Amino acid sequence: MQAAEKMQVGERAEEEAEAALAAAGWEVINLNRLAKNFRFADLLAKRGAARLLRVVP
């Protein structure tokens, strides 16, 4: 798989994860939209006092 294809797959996966979390009642912040390809994490989800962070492997 080439680099461009990997980026598309990754972006699609982030969008699906973001949609699933939002549907489950989480407020989701896509960190890559805030800091053009955020280096250490992709998504931050918040619900009440709970926080989830999707860390880049």
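The values are calculated or read from the model by the stated rules, or taken from the named source; none is laboratory data. Bear in mind that the values here come from a model prediction, so they are computed numbers and not experimental data. In this analysis, Cβ positions are derived from the backbone assuming ideal geometry, glycine residues included, and neighbour counts consider all displayed protein chains. Please note that ligands, DNA and RNA were not included when accessible areas were found on the heavy atoms of the full protein model with its side chains. Shrake-Rupley method; radii C 1.70, N 1.55, O 1.52, S 1.80 Å.
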Cβ pairs under 8 Å, 6+ apart, first in region 7-18 and open to solvent by less than 60 Å² (accessible area, probe 1.4 Å), second part of a helix (DSSP H, G or I) and not aliphatic (A, V, I, L, M): E14/N32
Report, by residue number, each residue of region 19-37 that is exposed (fewer than 10 other Cβ atoms within 10 Å of the Cβ), modelled with pLDDT of 85 or more and assigned to a helix (DSSP H, G or I). A23
